[in-house]
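One structure below.
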Amino acid sequence: MSRLGMLLQIAWRNLLASPINLIIGGLILAGTLLFVVVGGLLDSLNDSMARSVIGSVAGHIQIYSSKSKDELSLFGGMGGDPELAAVTEFPRIKEAVEGLENVKEVVPMGSSGALITAGNIVDVTLEKLRNLIKARAGSADDPRLARLTPEALDARISATRRHVRQIIRVLEADQKKALAILKDQAIDPDVVASLEKVSQDAFWDDFDQDPWGSLEFLENKIAPQVTDAQLMFLRYLGTDLDQFQQSFDRMQVIDGTPVPKGQRGFLIAKLFYEDQMKLKNARRLDKLRDATANGRLIASDDELKRFVKENRTQTRDIVLQLDDLKTAEATTKLQAFLKSTDPDLTALLSTFFDTTDENLEARAAFFYAELAPMIELYKVRIGDTLTIKAFTRGGAIQAVNVKVYGTFSFTGLEKSPLAGNTSLMDLMSFRDLYGYLTVDKAEEIKRLQQDTGAQTVTRANAEDELFGEGATIVAEATAGIIDEDKTFTGVGRRLREDDLVKRVYTDSEINSGVVLNAAVMVKDPSQLTATIEAINRLSEEKNLSIKAVSWQQASGILGQIITFFRGVLILAVLFIFGIAMVIINNAMMMATLQRTQTIGTMRAIGAQRSLVLTMVLTESVVLGVLFGGVGILLGTGVMAWLHQRGIPAPNDVAYFFFSGPRLLPDVSSGNLAIALVIILAVTLFSTLFPALIATRISPLRAMQADE
Amino acid sequence: MNSIVSIRDVVKEYELGTTVVQALRGVNLDVQKGEFLSIAGPSGSGKTTLLNLIGCVDTATRGVVQVAGRDTARLTERELTDLRLNTIGFIFQSFNLVAVLNVFQNVEFPLLLQRKLGAKARKERVMSLLEQVGLHTHARHRPSELSGGQRQRVAVARALVTEPLLVLADEPTANLDSETGNQIIDLMKELNVKKGTTFIFSTHDHKVMQHANAVIRLADGKVLARESAKDAVAHALSLGEAPTAEARA
């Protein structure tokens with residue numbers, strides 16, 4: 001047996017001799033297990049979140065103007081969107097950064113948000129009626145209506161009129177219910193009178209004699225009574241859509257088509273489309289089906305019960321969409337399906353939406369097969385043109401019309417609200433909304449300058465040029481009739497025109513102009529830090545005024561969540577090992593004092609102090625390695641099991657962190673090595689003092705009789 | 001000169017609180033190679049202190065202690081440990097075996113410290129010694145599985161395994177019954193004769209004393225006499241018949 005073998009054997013036997021070693025070992029085991037498992041989980045979370053963030057919006061690196069007031073935070077920060085300075089020389093920056101070795105691509109970006117309103121059903125129907133009547137009068141705005149024959153137009157006008165009358169009937173029924181509950185004084189008599197007027201046949205018989213006056217009455221007196229127009233906050237990312245789809249390969253167009261290369265267009269995030277734009281009753285049916293498919297029961301789940309209740313009481317969105325013919329059709333279908341004789345559609349719908357775990361599938365199937373084709377399921381249809389109004393940075397309101405080409409989502413993140421709430425917009429429209437000069441606007445200004453003979457007045461010469469002698473700039477104002485159509489040929493007007501929607505922009509047009517930030521895709525993600533440094537160096541050398549940050553920094557609070565949890569883990573592990581250290585120290589101290597005669601004997605028969613030191617330290621190292629090793633093995637086993645099984649995302653938010661429906665955690669060799677180092681450090685450190693005490697035991701102790 | 005131990009005017013003082021206790025008061029002693037020497041004397045006479053100084057586990061307050069020709073006062077801690085390892089074997093009153101090691105390992109321990117022999121040579125040496133002490137069949141036993149006498153035999157084997165010049169035994173039979181004690185002394189004597197190893201052992205048992213070549217009689221920290229075993233036994237017996245005198249001493 002070698003000297004080391006003997007020391008190991010002494011250590012091993014001493015370990016077995018004392019039950020306190022089991023407690024110490026248990027603590028080391030628990031600490032190691034915790035470190036390996038939770039550390040591994042956090043690493044895996046970090047990796048999968050990295051995939052989510054990198055793959056959905058951030059890319060590996062984000063660059064933005066170094067003159068920005070705030071730091072870039074792609075998912076918004078505590079105080080809303082960060083204030084970023086515009087990157088004005090994007091083409092130069094793109095060229096310079098793409099010249100770096102590890103950089104694959106630079107994708108321009110800018111994100112913002114706007115409130116959009118989906119007008120209420122009365123507004124929408126009345127507008128439809130107005131357009132039809134306008135078309136009949138020969139001044140159609142919509143070229144598609146202009147192509148219709150007079151007969152077809154008449155048929156559509158008659159159907160729309162019936163729809164308006166059906167809406168009025170619903171409103172009347174509402175009012176009767178209200179009058180039954182409230183005192184007469186509580187309801188504006190003007191409202192009652194207006195409703196009564198439009199519900200009479202006389203109003204409709206005279207409609208065609210003064211269609212504009214009748215429409216105005218309906219718009220001013222009836223439409224305001226339906227107040228359920230929905231405000232939606234639409235978050236969008238302006239980007240080079242073509243390049244975006246190539247660089248972020250997890251992005252998939254779900255409905256519709258991608259925006260044609262170089263054109264203006266809008267892609268709605270699928271989850272937002274479903275959550276915000278879909279008819280609420282249909283959305284709730286989807287959610288109920290989803291939940292029951294995952295094993296939840298309506299009978300015992302409060303949230304699902306609430307969905308059913310809301311579906312039963314909120315049927316107006318459906319009822320108001322149906323004209324008299326469709327109302328009758330829906331009533332008949334529902335009567336047959338429910339085997340009911342109730343003539344009231346609202347009551348039938350309420351009964352229909354009383355879904356249970358047993359009838360849910362059949363009712364949902366009936367809804368989509370029979371009722372859905374009669375109504376608009378979505379507030380915005382693919383192919384519609386969406387008018388988005390937003391405040392520009394200057395505070396003015398800017399509006400753009402963009403065609404909705406389709407919806408999209410990121411593979412694996414379909415259910416994640418974090419990845420599924422930001423829609424995509426072309427850069428041109430984004431710049432318009434954000435209030436920056438675009439190619440179109442530049443052309444517009446140039447044309448206006450030419451048309452009006454306006455000259456650029458520099459600040460230094462302003463006084464002379466404007467008020468000095470020989471000033472030619474000031475024109476004489478003349479009073480006259482303003483023809484709005486001719487006056488507003490500016491950008492706001494032009495943006496509404498069809499040719500702008502159809503215009504194809506070149507890459508250089510897309511790139512020239514401001515962006516707020518840009519995603520940098522790299523070839524080798526392991527070289528991220530070096531690449532960030534390289535970009536920042538490049539910015540200094542070439543005076544690009546940009547700042548590069550990792551995806552993690554760019555994702556703001558979100559990116560720091562993992563860092564936070566890692567901190568908590570480290571504290572927990574430190575706490576456990578702290579306790580272990582105190583106990584190990586005490587136990588080894590006691591063990592040393594109990595063994596003074598043995599140690600004294602060893603010293604007497606010729607063992608140097610160094611051997612005693614080694615002996616005591618070996619003992620704790622054996623303890624640490626043994627129990628720590630078991631902890632590592634157990635931890636690895638747990639992780640392997642979790643990897644095989646996968647951890648299902650507990651909720652929709654977790655989809656983003658899990659980068660899909662399941663997290664498949666892996667244990668990293670780095671974590672195992674760190675765990676081992678921590679164990680050795682903890683055990684050695686806590687045994688150092690007892691070991692030093694042991695070396696001070698005199699060989700004289702051997703001569704003393706048994707203690 | 002053939003002295004393996006040479007002690008000149010050695011004084012050993014201990015401080016007990018504010019008082020200073022003199023355990024040895026000017027001891028002079030020479031031990032020749034191959035001697036089988038007993039140090040006798042009543043409790044508190046300084047036997048163990050004298051053995052500690054010879055065994056280099058303690059140093060004298062004054063005077064010179066030379067072991068194997070080296071002045072122990074001039075040696076460092078490390079050198080003293082080496083001297084103990086290579087020159088001296090120890091047999092303790094309480095056997096002092098390492099409880100977690102088996103018989104073989106206990107005996108092998110000093111050889112491992114020495115790092116002079118390979119595994120095979122060590123094994124041969126240890127087994128040969130275990131055979132000599134009659135425990136070669138118990139090599140794998142743990143000390144707790146042995147009787148007191150067997151344990152002391154293991155201790156004897158351990159003391160001799162490095163082939164030291166000198167073996168010190170402090171009351172080696174005190175924890176044994178008289179028959180077993182005699183067997184141990186016989187064993188020591190046998191090894192002394194066979195190998196020529198010098199043995200110094202302390203005892204106050206006259207039956208043990210009678211095996212010695214010579215007996216150093218200590219009292220009150222002084223050497224009273226160096227005499228033959230026969231005289232020493234006679235003296236002890238006379239004291240034994242007058243217990244009051246022994247108590248006084």
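The values are calculated or read from the model by the stated rules, or taken from the named source; none is laboratory data. Bear in mind that the values here come from a model prediction, so they are computed numbers and not experimental data. Every residue, glycine among them, receives a Cβ derived from its backbone with ideal geometry; neighbour counts consider all protein chains shown. To get the accessible areas, we keep the full protein, side chains included, count just its heavy atoms, and leave off ligands, DNA and RNA. Shrake-Rupley method; radii C 1.70, N 1.55, O 1.52, S 1.80 Å.
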Condition broken by B:G89, with the remaining ones in (1) assigned to a strand (DSSP E or B); (2) more than 10 Å from every other protein chain (Cβ to nearest Cβ) satisfied
(2)
Failed condition for B:L16, given (1) more than 14 Å from chain A (Cβ to nearest Cβ); (2) open to solvent by less than 70 Å² (accessible area, probe 1.4 Å):
(2)
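How many of the residues in the range A:578-609 are away from chain B (no Cβ under 14 Å) and touching a helix residue (DSSP H, G or I) at 6+ places or on another chain (Cβ under 6 Å)?
Adding up the residues that qualify gives 9.
Count, please, the residues in the range B:56-81 that happen to be more than 7 Å from chain A (Cβ to nearest Cβ) and within 20 Å of B:E171 (Cα to Cα).
Start the filter on the range B:56-81 by keeping residues that are more than 7 Å from chain A (Cβ to nearest Cβ), which leaves B:56, B:59-77, B:79-80.
With within 20 Å of B:E171 (Cα to Cα) added as a condition, the list becomes B:56.
Of the residues in that region, 1 qualify.
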So if I check each of A:F272, A:F266, which one is within 30 Å of A:P91 (Cβ to Cβ) and at pLDDT 90 or above?
A:F266
Does B:R151 meet the test of being in a helix (DSSP H, G or I), open to solvent by less than 60 Å² (accessible area, probe 1.4 Å), charged (D, E, K, R) and in contact with a helix residue (DSSP H, G or I) (Cβ under 8 Å, 6 or more places away or on another chain)?
no
Which condition from (1) surrounded by fewer than 17 Cβ atoms within 10 Å (Cβ to Cβ); (2) charged (D, E, K, R); (3) within 10 Å of another protein chain (Cβ to nearest Cβ) is the one that B:R84 breaks?
(1)
Residue tally, condition polar (S, T, N, Q) and crowded, with 24+ Cβ neighbours inside 10 Å, over the range A:23-61:
3
Take the residues in the range B:57-75 that are β-branched (V, I, T) and assigned to a loop (DSSP other than H, G, I, E, B), then tell me which one is nearest to the chain's Cα centre (by Cα).
B:V57
Go through (1) more than 22 Å from the chain's Cα centre (by Cα); (2) of a type in the set (K, R); (3) farther than 21 Å from A:I10 by Cα one by one and return the number of the condition B:K123 breaks.
(3)
Among the residues of the range A:645-654, is there at least one that is crowded, with 16+ Cβ neighbours inside 10 Å and within 14 Å of chain B (Cβ to nearest Cβ)?
no
Just to verify a result, which residue in the range B:28-46, among those that are surrounded by 21 or more Cβ atoms within 10 Å (Cβ to Cβ) and within 14 Å of chain A (Cβ to nearest Cβ), is farthest from the chain's Cα centre (by Cα)?
B:G46
Single unsatisfied condition, A:N543 versus (1) over 24 Å from the mean Cα position of the chain (by Cα); (2) surrounded by 13 or more Cβ atoms within 10 Å (Cβ to Cβ); (3) without any contact (Cβ under 8 Å) to a residue 40 or more places away in the chain:
(2)
Answer yes or no as to whether A:L642 is at pLDDT 90 or above, open to solvent by less than 10 Å² (accessible area, probe 1.4 Å) and assigned to a helix (DSSP H, G or I).
no
Would you check if A:T618 is within 14 Å of another protein chain (Cβ to nearest Cβ) and under 17 Å from A:I678 (Cα atoms)?
yes
Scanning the range A:141-170 residue by residue, those surrounded by 12 or more Cβ atoms within 10 Å (Cβ to Cβ) and β-branched (V, I, T) turn out to be A:I157, A:T160, A:V164, A:I167, A:I168, A:V170
Could you check how many residues of the range B:153-186 are more than 14 Å from every other protein chain (Cβ to nearest Cβ) and either under 15 Å from B:H136 (Cα atoms) or among the aromatic types (F, W, Y) (or both)?
1
Could you tell me whether any residue of the range B:47-56 is open to solvent by less than 60 Å² (accessible area, probe 1.4 Å) and part of a strand (DSSP E or B)?
no
Among (1) in a helix (DSSP H, G or I); (2) acidic (D, E); (3) open to solvent by 20 Å² or more (accessible area, probe 1.4 Å), A:D666 falls short only on (1)
Those residues that are open to solvent by 40 Å² or more (accessible area, probe 1.4 Å), aliphatic (A, V, I, L, M) and either closer than 13 Å to A:M588 by Cβ or facing chain B (nearest Cβ under 9 Å) (or both), I need them from the range A:1-22; list them, please.
A:M1, A:L16, A:A17, A:I20
Quick check on my filter: what residues within the range B:96-133 are more than 12 Å from chain A (Cβ to nearest Cβ) and either of a type in the set (D, E) or at positive phi (or both)?
B:E124, B:E131
